[in-house]
1. For the range 72-112, what are Rg and Dmax over the alpha carbons, in angstrom?
2. Hey, got the Cα dimensions of the range 51-138 along the principal axes, in Å, largest first?
3. Across the Cα atoms of the range 1-154, what radius of gyration and what greatest pairwise Cα-Cα distance (Dmax) are found, in Å?
4. Across the range 130-147, in residue order, what do the Karplus-derived ³J(HN,Hα) couplings come to in whole Hz, using 6.51 cos²θ - 1.76 cosθ + 1.60 with θ = phi - 60° and x for Gly and Pro?
5. In whole Hz and in residue order, list the ³J(HN,Hα) couplings for the range 47-60 that follow from phi through the Karplus curve 6.51 cos²θ - 1.76 cosθ + 1.60, θ = phi - 60°; x for Gly and Pro.
6. Which ³J(HN,Hα) values in Hz, rounded to whole numbers, follow from the phi angles of the range 64-79 under the Karplus curve 6.51 cos²θ - 1.76 cosθ + 1.60, where θ = phi - 60° and Gly and Pro get x?
7. Please arrange Ser100, Ser269, Ser49 by how many other C-beta atoms lie within 10 Å of their C-beta, fewest to most.
8. Search the structure for amide H atoms under 5 Å from the amide H of Ile57, placed 1.01 Å from N in the peptide plane, and list their residues when 5 or more places away or on another chain.
Amino acid sequence: MHVPEHAEAVEIRAALLRLRRTTGLPIAFGGLLGDGRRMRIAEVNGALSTALSGLAIGAGNGLGGRAMALARPCAVTDYASARHISHEYDGPVAAEGLRSVLAVPVIVRRRVRGVLYGGLREPVPLGHRVLDAAVAAARDVEQALAVRDEAQRLAAAGTDHPPGDPARWEAVREAHGELRALAPRIGDPRLRAELLAVCERLAGSQAPSPAPGAATGPALGSPGPLAPLAPLAPREVDVLTAVAAGATNAGAAERLGLRPETVKGYLRSAMRKLGAHTRLEAVVAARRAGLLP
């Protein structure tokens, strides 16, 4: 799955906007690491100049580089006179009039992927409230990146699984279910649609041939998908995905953030549309229809 740069820019931009709204900081900026060890400031919110835009930050250099190297938030009350950072970027920082600055790394699976900054144009200490808000903004970006990484991994798994490997196919089904549960929690509509598209691709893939007597989805060489009597709503597919993973109604409700009676209603509706009389029949019918992997 190709991840457009626009999607990453949207996540950074939204995080910076939330940071400014929750803290009142006059400026917030940041970006993600490229292929190497350098991060480019791609998004700036509240700037008075273009001095920071496009600035490349090396690991260990300046405040952001220090946050990258240490993998933890860093802050200074007066950037120009701070002794515990290097000063390669004093020019752009001074051009923007920044004095008090904080930098929070974006970390996914123990790897630094970017940095978010916030700043003041006066030498005033940034308190815990501001730092907590910056960390929360970074966590939002981390979640989006982690979900996107998983979508890429699943896309590869769904198109490159070895035939006759039921164990790996079950792992794909499990990951597909996790993505379906995550998708409704993603605020960015573009990313959410992207994840659901990956889920549809995985659902349309074919499972390896089942053991004799096993109730599974379509096997290699089996007839094509059988359409349900009526299209299933996204939440109905979500519930069936949870049921296919062995979840009870209560378990599916907890997984999807719904009430148990709501899950029961979605399941009944899905069973009716699929012409199924039991939960197992519904799962099998959904797999035959290409709705589940």
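1. Using the Cα atoms of the range 72-112, the pair Rg, Dmax is 12.0, 35 Å.
2. 35, 28, 24
3. That works out to 14.5, 48 Å for Rg and Dmax.
4. Coupling constants for the range 130-147: 5, 4, 4, 5, 5, 5, 5, 5, 5, 5, 4, 5, 4, 4, 4, 5, 5, 5 Hz.
5. Each residue's phi maps through the Karplus curve to give 6, 9, 8, 9, 4, 8, 4, x, 5, 8, 10, x, 4, x Hz.
6. With the stated coefficients, the range 64-79 comes to x, x, 5, 4, 5, 5, 8, 6, 7, x, 9, 8, 9, 8, 9, 3 Hz.
7. Going from least to most buried by this count: Ser49, Ser269, Ser100.
8. Amide H neighbours of Ile57: Met39, Arg40, Ile41.
Any read-out appearing in this document is the output of simple, stated calculations on the displayed coordinates, not a laboratory observation. Since the model is a prediction, treat every value here as computed from it, not as a measurement. FYI the Cβ positions are ideal-geometry reconstructions off the backbone, even for glycines, and counts take in every protein chain you see.
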